[in-house]
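In what follows, a structure is listed as structure tokens, so that the remarks can point back to it.
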Amino acid sequence: MTDSDYVRARARRRRHLHQRQTVIFGVLLLALLGVLLVAWLMWFGVLPTPFARDFNSPPPDESTTLACPPDGAVTVPYSEITASVYNSTNRAGLAGGVAQSLTSVGIVVNQTGNWDELVLGPGFMRTGVNGLEEAYTLLQSFPGMMVTKDAREDALVDIVLGSDFQSVGDLTAVGVGVPIPVPPSCLPASEQTTAPAETPTAPPAEASQP
């Protein structure tokens, strides 16, 4: 083999090696992007997470946790409401669809994501003492849910979608300044045991979501 043949053979081996490396790195990069995409979709609740779905949480006990609206409470403008929506089921896209319905009428959606356990029934709302009017305004479009209270000081309302939840009611049918009826079995906020504010398994924000 002449020197020129040796040089050409060596160049061919290098090209072949570079091609193999390019293919390998390309496949690894595509696989990594795929994993990141799936993780991103789970993070924002578009895809259901395989974790924290083996336990069922019954709906809150109405006799002890249903918080009454404040005295003289009336429905408030949607522009004054900020809510977070959590999907406790394995139905992908549930929280995102509800969030889109809320934002379409001017409600601010703080975040969406997955609740850390399955909630039986239609679900529930959770807020602090300063968000009860906002929660009861939303409740008009979420039949079957109940409002519970925790120790948070702001008016943020958490909407937790349960196993029986189907869809949001007609949000445009809810007027402003309409008196809110008091549920017969609720407890006034001053008499209710206040639970600590719960931190769900959820992303800090959701782009379009689950």
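Nothing in this text is a laboratory measurement; each read-out follows from the coordinates by a stated rule. What you see is a predicted model, and the numbers here were worked out from it, not measured in a lab. Note that each Cβ is placed from the backbone with ideal geometry, even for glycine, and that neighbours are counted across all protein chains shown.
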Ranked on Cβ counts within 10 Å of their own Cβ, fewest leading, CYS186, CYS68 go CYS186, CYS68
Is the shape of the range 56-191 rounded, prolate or oblate, going by the alpha carbon gyration tensor and its root eigenvalues a ≥ b ≥ c, with a/c under 1.5 for rounded and a/b larger than b/c for prolate? oblate
Subtract the Cα-Cα distance of ARG91 and VAL178 from 0.36 nm times their separation in residues, and report this length gain in nm to one decimal. 27.9 nm
Once label points are set 7 Å from the Cα along Cα→Cβ at both GLN19 and GLU117, what is their separation, rounded to one decimal in nm? 5.8 nm
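First measure r as the distance between the Cβ atoms of GLN166 and ARG10, then evaluate 1/(1 + (r/R0)^6) with R0 = 45 Å and state the FRET efficiency to the nearest 0.05. Walk me through the numbers on the way to the answer.
Numbers: r = 69 Å, r/R0 = 1.53.
It comes to 0.05.
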Once the piece of chain linking LEU36 and GLU80 is laid out straight, how much longer is it, given 0.36 nm per residue of separation minus the C-alpha distance between them? 12.3 nm
Taking the dipole about the Cα centre of the range 75-149, with the C-beta of Lys and Arg at +1 and of Asp and Glu at -1, give me whichever of LEU120, PRO143, GLY96 is farthest to the positive side. LEU120
